[in-house]
Amino acid sequence: MSTVRVIREGGEHPLPALGGSRRHWLSRSAGCALIGCRRRPLCCRAGRRCRQRGTRRGRRAAAAGGEQMDLLPASAPLATKLRNTLIQYHRIGDGEWRVAKKTKDATVWRKPSEEFSGYLYKAQGVVEDVTNRIVDHIRPGPYRLDWDSLMTTMDIMETFEENCCVMRYTTAGQLWNIIAPREFVDFSYTTNYEDGLLTCGISLDYGEVRPNFVRGFNHPCGWFCVPLKDYPSHSLLTGYIQTELRGMLPQSAVDTAMSSTLANFYFDLKKALKT
């Protein structure tokens with residue numbers, strides 16, 4: 001059975017592969033859990049016990065022991081803002097996009113990002129499977145490492161609600177290692193969208209950067225997965241990705257890597273869903 005490490009105080013705990021209903025991990029209500037980055041204030045719903053690392057109680061204990069801790073904000077407003085941002089991207093007119101790559105599995109477009117000096121990429125393709133199973137393979141969890149050729153490790157650092165977590169993951173070198181391995185720490189949120197699902201994320205300034213990695217940054221990213229009306233066993237998967245790889249990289253190499261990575265993502269996902 002596939003496992004992903006869950007990093008909590010007191011050691012590591014395995015996160016088992018999910019079985020049965022694919023809805024059981026999706027909670028409709030986002031609580032006021034404590035997650036985020038240094039630039040956002042910490043808050044906690046009145047009366048709720050702070051039990052996670054990075055909470056108010058955890059910070060007091062860390063301060064007493066002299067440990068430096070990053071501040072973590074409430075998950076509910078962060079999740080809401082992230083969802084709204086992705087829906088705005090989803091409403092951008094076709095005329096604003098330019099085709100970057102086209103394969104039999106997916107089409108990739110791009111436009112200048114409003115978040116940083118790079119591009120916002122849009123990828124879209126039809127995947128032959130139901131939405132819940134597709135999203136279960138994309139979101140943080142035990143399936144992702146089994147099929148995503150770019151991702152090399154994944155640690156679930158914090159879990160708050162069933163649909164929210166903070167994960168740290170690493171990616172392999174690309175373009176003959178012109179782009180060296182990267183590390184990311186992302187807040188991930190999965191929620192309902194129309195008749196399907198949206199799983200989205202954004203990077204956080206959280207935790208120490210591990211040796212031999214460059215810390216990249218994902219500006220708001222996400223995947224919309226909705227069933228096709230006439231073919232409910234097929235789903236339309238649309239992704240929005242804007243990754244700041246950082247480091248001294250030629251822009252042409254970044255553009256080539258991003259377009260190819262997104263196209264390969266669909267190929268690898270379809271292959272995994274057939275097994």
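The values are calculated or read from the model by the stated rules, or taken from the named source; none is laboratory data. None of the values given here were measured: they were computed from a predicted structure. Neighbour counts are summed over all protein chains in view; Cβ atoms, including those assigned to glycine, are modelled from backbone coordinates with ideal geometry. Note: accessible area is taken over every heavy atom of the protein model, side chains too, but ligands, DNA and RNA are not part of it. Shrake-Rupley method; radii C 1.70, N 1.55, O 1.52, S 1.80 Å.
So here's what we get for this one:
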{"quantity": "Residues being assigned to a strand (DSSP E or B), open to solvent by 20 Å² or more (accessible area, probe 1.4 Å) and modelled with pLDDT of 85 or more - total across region 168-188", "calculated": "2"}
{"quantity": "Tally of residues being open to solvent by 30 Å² or more (accessible area, probe 1.4 Å) and under 20 Å from Thr190 (Cβ atoms) across region 113-131", "calculated": "2"}
{"quantity": "Among (1) touching a residue at least 40 places away in the same chain (Cβ under 8 Å); (2) open to solvent by 40 Å² or more (accessible area, probe 1.4 Å), the one test that Asn163 misses", "calculated": "(2)"}
{"quantity": "Hits in region 101-112 (condition: open to solvent by less than 40 Å² (accessible area, probe 1.4 Å), over 18 Å from Asn218 (Cβ atoms) and either within 18 Å of the chain's Cα centre (by Cα) or in contact (Cβ under 8 Å) with a residue 40 or more places away in the chain (or both))", "calculated": "Asp105, Ala106"}
{"quantity": "Every residue from region 204-223 that is under 19 Å from Glu183 (Cα atoms) and touching a helix residue (DSSP H, G or I) at 6+ places or on another chain (Cβ under 7 Å)", "calculated": "Pro220, Gly222"}
{"quantity": "Residue in region 254-263 that is surrounded by the most Cβ atoms within 10 Å (Cβ to Cβ), counting only those that are among the polar types (S, T, N, Q) and closer than 11 Å to Ala100 by Cα", "calculated": "Ser259"}
{"quantity": "Residue count for region 264-275, restricted to those that are open to solvent by 50 Å² or more (accessible area, probe 1.4 Å) and either assigned to a helix (DSSP H, G or I) or not polar (S, T, N, Q) (or both)", "calculated": "4"}
{"quantity": "Hits in region 146-164 - residues which are modelled with pLDDT under 90 and part of a helix (DSSP H, G or I)", "calculated": "none"}
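Residues checked against (1) in contact with a helix residue (DSSP H, G or I) (Cβ under 8 Å, 6 or more places away or on another chain); (2) not in a loop (DSSP other than H, G, I, E, B):
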site: Cys225; (1), (2): yes, yes
site: Pro232; (1), (2): no, no
site: Arg246; (1), (2): no, no
site: Ala253; (1), (2): no, yes
site: Thr256; (1), (2): no, yes
site: Leu262; (1), (2): no, yes
